[in-house]
1. Just need a number here: residues in the stretch 281-300 that are closer than 28 Å to Gly94 by Cβ, at pLDDT 95 or above and not in a strand (DSSP E or B).
2. For the stretch 414-437, enumerate the residues that are in a loop (DSSP other than H, G, I, E, B) and surrounded by 23 or more Cβ atoms within 10 Å (Cβ to Cβ).
3. Within the stretch 213-227, is there a residue that is buried (at least 18 other Cβ atoms within 10 Å of the Cβ), in contact (Cβ under 8 Å) with a residue 40 or more places away in the chain, outside the structural domain of Trp543 (by TED's automatic domain parsing) and not hydrophobic (A, V, I, L, M, F, W, C)?
4. Could you identify the single residue in Phe156, Phe175 that is in contact (Cβ under 8 Å) with a residue 40 or more places away in the chain, assigned to a helix (DSSP H, G or I), of a type outside the set (Val, Ile, Thr) and in contact with a Cys (Cβ under 9 Å, 6 or more places away or on another chain)?
5. When only residues in the stretch 441-464 that are crowded, with 18+ Cβ neighbours inside 10 Å and within 21 Å of Lys555 (Cβ to Cβ) count, which is modelled with the highest pLDDT?
6. Hey, could you check the stretch 245-274 for residues that are without any contact (Cβ under 8 Å) to a residue 40 or more places away in the chain and in a helix (DSSP H, G or I) and say which is nearest to Glu151 (Cα to Cα)?
7. Consider the stretch 13-43. How many of its residues are crowded, with 18+ Cβ neighbours inside 10 Å, within 17 Å of Tyr53 (Cα to Cα) and of a type outside the set (A, V, I, L, M, F, W, C)?
8. Kindly provide the set of residues from the stretch 494-532 that are among the hydrophobic types (A, V, I, L, M, F, W, C) and either at pLDDT 80 or above or surrounded by 17 or more Cβ atoms within 10 Å (Cβ to Cβ) (or both), ordered by number.
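The values are calculated or read from the model by the stated rules, or taken from the named source; none is laboratory data. Note that the structure is a prediction, hence the values are computed from the model and not measured. With ideal geometry, Cβ positions are generated from the backbone for all residues, glycine too; neighbour counts draw on all protein chains shown.
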Amino acid sequence: MELSHFWTKPLDVTHSLEVLETIAAKHLEYDGDICRSLRVAFAECGWRALAGYTLSYSDDSDAMDLIHARSAIGLFEKFEQLPLGIDKEGVAYGKFRLADEVCGQLNAIMPILTGRGRSAEICAYPPAVLLIEKIRKKVKTIMGRCPSISELDLSFGPGSTTSTKKNTACPTVKFAAGMQCSAELANSGFLPALLREVPHWTSCCSRYSIDKDQWLIETVPVDVVPGRLEFVPKNAKTYRSIVVEPSLNGFLQQGLGRWLRDRLLRVGVDIRDQSLNQRLARQGSLDGSLATIDLSSASDSISRELVRALVPDDWFSLLYSATTRVVVYRGMEISQEKFCSMGNGFTFPLETILFYAITAVACPHDAVIRAYGDDIICPTSCYNDVVGALSTCGFSVNTKKSFATGPFRESCGRDYFKGVLIRPFYQKELVSARTLFVWHNFLVRFGLDEIASAVKSFIPRSLRLYGPDGYGDGHLISPVFPSSFIRRNRGWSGFVFETLQASVRRLSPRFPGDWVSPLYQIYRRGDDPLDLVSRDKAGWPLWPLPGVDEYKRIKIYALS
């Protein structure tokens with residue numbers, strides 16, 4: 001068996017599993033209690049013994065034993081092509097419907113808790129009423145005043161819409177596809193204000209007529225459509241549900257998401273930076289002072305009436321106008337009880353605000369708390385109170401991934417055991433030379449040079465390039481590598497080495513008369529690298545598209 005001499009061409013499932021099993025066996029050679037136990041099971045059942053294995057963390061565990069054991073398990077845990085015989089989409093759809101049923105139950109109960117229902121029943125839940133009111137005040141402080149549409153920084157997200165496909169998801173294609181919105185946006189009263197913010201787009205779509213009084217009438221055609229329920233890879237056992245939004249909804253959602261993100265900064269929560277969560281998780285693993293909490297189906301559990309209860313009324317009207325309640329799945333229309341789903345541009349900042357506020361209310365005012373989506377950190381002494389408050393609001397804590405005792409904590413992609421990072425490499429796709437480069441470099445950075453050498457042995461010699469760390473994974477990290485030294489005047493000197501670089505797919509303008517996307521590019525120009533696009537010789541934007549078509553071998557100059 002040998003990999004293709006093309007960097008991105010993968011092996012098939014059978015040969016990919018052979019590579020993964022070979023390296024897993026190398027990890028399990030470590031002489032520790034956990035690895036010895038796994039080694040026996042692995043010898044009998046192969047990768048099936050590792051795919052569903054759950055580790056426990058005790059004070060007397062060996063960190064290196066855990067690193068090797070988790071590394072062996074991680075090779076299969078999220079491998080999408082793992083032949084488990086599970087209907088992953090069916091599992092994900094079942095979770096989607098179950099979460100929506102729970103939201104429906106909370107939608108029926110929440111008006112009672114907030115005083116919007118029959119007043120005679122309110123007294124039965126005085127602790128919950130008080131809790132909801134405290135959270136509402138905290139949320140109001142964070143969100144501040146509700147902006148007008150004209151104040152929002154409107155834009156498209158990177159994904160597909162109901163009228164465009166993922167592989168052509170860029171502004172040029174989205175503008176050309178016309179305007180679509182959900183019934184919630186069409187009936188909200190906010191649609192005219194939104195259309196006034198995109199006059200060039202509406203001009204391209206408009207139809208003109210003369211009425212009986214000889215007035216020139218401009219009509220902007222907007223199709224009212226449902227969202228589209230889809231599923232994307234999550235791990236070897238299930239998918240993750242997302243909702244593909246209509247174009248105008250997505251445009252408005254991105255603006256609302258940016259506004260909420262900026263409001264979070266005012267309370268010290270930067271959802272563009274995960275490092276604080278990671279540092280606090282490490283601290284919790286060292287001294288036990290902080291707990292890490294993870295929720296099950298967090299975004300799918302945000303019920304409509306919970307948001308109505310917790311956010312100011314004007315904010316609720318604006319946010320709800322941007323949602324898509326009805327979605328289509330396999331020709332069937334589903335009316336959602338949840339407020340928003342993954343795929344909605346403001347879901348992540350909104351859930352961060354809600355979880356931060358719930359945690360803050362359940363903890364003392366001077367407590368160290370943090371929320372990054374549903375990754376929550378709070379004092380260990382407040383763990384039960386936070387879990388209780390989350391439960392009252394309809395959220396379910398994932399007990400397998402939440403930690404308040406013991407020496408292990410995890411948050412935002414970092415797993416710590418007594419302060420030692422033990423996060424493994426996760427193989428998520430079929431093995432190719434490109435994935436082996438990333439895997440090899442991960443192991444080198446982790447100090448597992450012997451395992452890294454075993455991974456390198458699967459890479460064809462013709463593709464092996466070596467270079468220093470800090471310049472991506474287009475080459476294999478090595479302290480010794482071929483390079484050309486260049487000396488400059490005035491003390492400057494450097495070296496040149498080679499690396500492989502994936503070529504970004506870009507779309508050239510293919511719609512004659514398209515003058516909307518160049519104007520949009522000027523409007524969106526900012527500090528965000530995603531907003532900076534190259535241009536062709538005529539000045540047209542060359543929009544990046546999802547995916548990679550090819551790669552090229554380039555030279556990098558670095559200072560000595």
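1. Looking only at that region, the number is 1.
2. Restricting attention to the stretch 414-437, the residues satisfying the condition of being in a loop (DSSP other than H, G, I, E, B) are 418-419, 422-432.
Listed by number, the residues that qualify are Ile422, Gln427, Val431.
3. Within the stretch 213-227, the subset buried (at least 18 other Cβ atoms within 10 Å of the Cβ) is 222, 225-227.
When the remaining residues are screened for being in contact (Cβ under 8 Å) with a residue 40 or more places away in the chain, the result is 222, 225-227.
Next cut, outside the structural domain of Trp543 (by TED's automatic domain parsing) only: 222, 225-227.
Narrowing further to those that are not hydrophobic (A, V, I, L, M, F, W, C): 226-227.
Yes - at least one qualifying residue is present in the stretch 213-227.
4. Exactly one of Phe156, Phe175 is in contact (Cβ under 8 Å) with a residue 40 or more places away in the chain, assigned to a helix (DSSP H, G or I), of a type outside the set (Val, Ile, Thr) and in contact with a Cys (Cβ under 9 Å, 6 or more places away or on another chain), namely Phe175.
5. For the stretch 441-464, the residue satisfying everything is Asn441.
6. Start the filter on the stretch 245-274 by keeping residues that are without any contact (Cβ under 8 Å) to a residue 40 or more places away in the chain, which leaves 262, 265, 268, 270, 272-273.
Within this subset, residues satisfying the condition of being in a helix (DSSP H, G or I) are 262, 265.
Numbers: Asp262: 13, Leu265: 18 Å.
In this case the residue turns out to be Asp262.
7. Total satisfying the criteria: 3.
8. Scanning the stretch 494-532 gives Phe495, Val496, Phe497, Leu500, Ala502, Leu507, Val516, Leu519.
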